[in-house]
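The values are calculated or read from the model by the stated rules, or taken from the named source; none is laboratory data. Only a predicted model underlies this, so the values are computations on that prediction, with no experimental measurement involved. We place every Cβ from the backbone using ideal geometry, glycine too, and count neighbours over all the protein chains shown. Side chains are part of the model used for accessible areas, which takes the heavy atoms of the whole protein and leaves out ligands, DNA and RNA. Shrake-Rupley method; radii C 1.70, N 1.55, O 1.52, S 1.80 Å.
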Amino acid sequence: MSNRKQTTKFLSDLLVHERFTGRGKYWASEVTLDYGLQHPVRVDFMEFKPKNQISPSGLEKGIFICYEIKSCKADFHSGNGLNFEGEKNYIVTTMECYKQIVNEIPFNVGIMIARPFRKSIQNEFDNPTPIPDEYNPMTVLPEDYWTFEIIKNAYEGNRKRSMTELLFCMLRAGK
């Protein structure tokens, strides 16, 4: 069984590979808001999705999606994270962790569960698969491939910060 650090790395690497690779993907990790203030806020991953890339209005109508990686129940309760600053917000976790925190998840927050590609979400719920100690999505064999299942969609809401501030924070964070 993987430890907290290994699980966080696994979930982070899988998220990057599954959600952020390819053209037209605008994202950053470890995005710090309120930088330089007494209580900065850090979002694990932030994605900007323009409505389209044809016109300036398509960019202006874009939304921010925030992803918080939670490796276990203790991580969920640690006080580090659950920084939901986008129009859509997701907790990215394992099935084992999800089963422990399911009744504590805010109603508007979505849930993404890592699961082996060839295993149904119901089978994963009944018998969670341990996270592999080492995993490289670029070299793994098809039978060992993992993916994400959105088991609860995030409700789109209003963000409290301006587009300019969030884009600047993403730019400052890099990838």
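Worth a mention:
- Based on protein heavy atoms only, the chain ends up with 58 Å² per residue of surface accessible to a 1.4 Å probe.
- Global geometry of region 1-93, whether rounded, prolate or oblate, following the gyration tensor of its Cα atoms and the 1.5 cut on a/c: oblate
- An oblate overall shape is assigned to region 51-127, the ratio a/c of its alpha-carbon gyration tensor axes (a ≥ b ≥ c) being 1.5 or greater and a/b not exceeding b/c.
- All-pairs Cα distance distribution in the chain, expressed in whole percent, bin size 10 Å: 9, 37, 36, 16, 2
- Region 73-127 and region 1-55 have Cα centres lying 15 Å from one another.
- A Förster radius of 45 Å combined with the Cβ-Cβ distance from Gln6 to Ile54 puts the calculated FRET efficiency at roughly 0.60.
- Report summary: the helix-based calculation at 222 nm, which adds -39500 (n - 2.57) for every DSSP H run with n ≥ 4 and divides by the residues of the chain, gives -7500 deg cm²/dmol.
- Principal-axis tilt of helix 163-173 within the chain, Cα atoms, nearest 10 degrees: 60 degrees
- The chain - share of DSSP beta bridges that are antiparallel (%, nearest 5): 65 percent
- Assigned charges on the beta-carbon of Lys, Arg, Asp, Glu; the chain dipole about Cα centre (debye): 420 debye
- Of Lys61/Lys99; Lys51/Lys119; Lys61/Lys152, those spanning more than 29 Å from alpha-carbon to alpha-carbon: Lys61/Lys99; Lys51/Lys119
- When a 1.4 Å probe is rolled over the protein heavy atoms, the share of accessible surface on the chain that falls to carbon and sulfur comes to 51 percent.
- Cα gyration tensor category, rounded, prolate or oblate, for region 1-54 with a/c compared to 1.5: oblate
- Crossing angle, helix 4-19 versus the chain [Cα axis fit, 0-90 degrees, rounded to tens]: 60 degrees
- Across His39, His17, His77, mean-square fluctuation computed from a Gaussian network of the chain (C-alpha pairs under 10 Å connected) peaks at His39.
- Using C-alpha pairs below 8 Å separated by at least 6 residues, the relative contact order for the chain is 25 percent.
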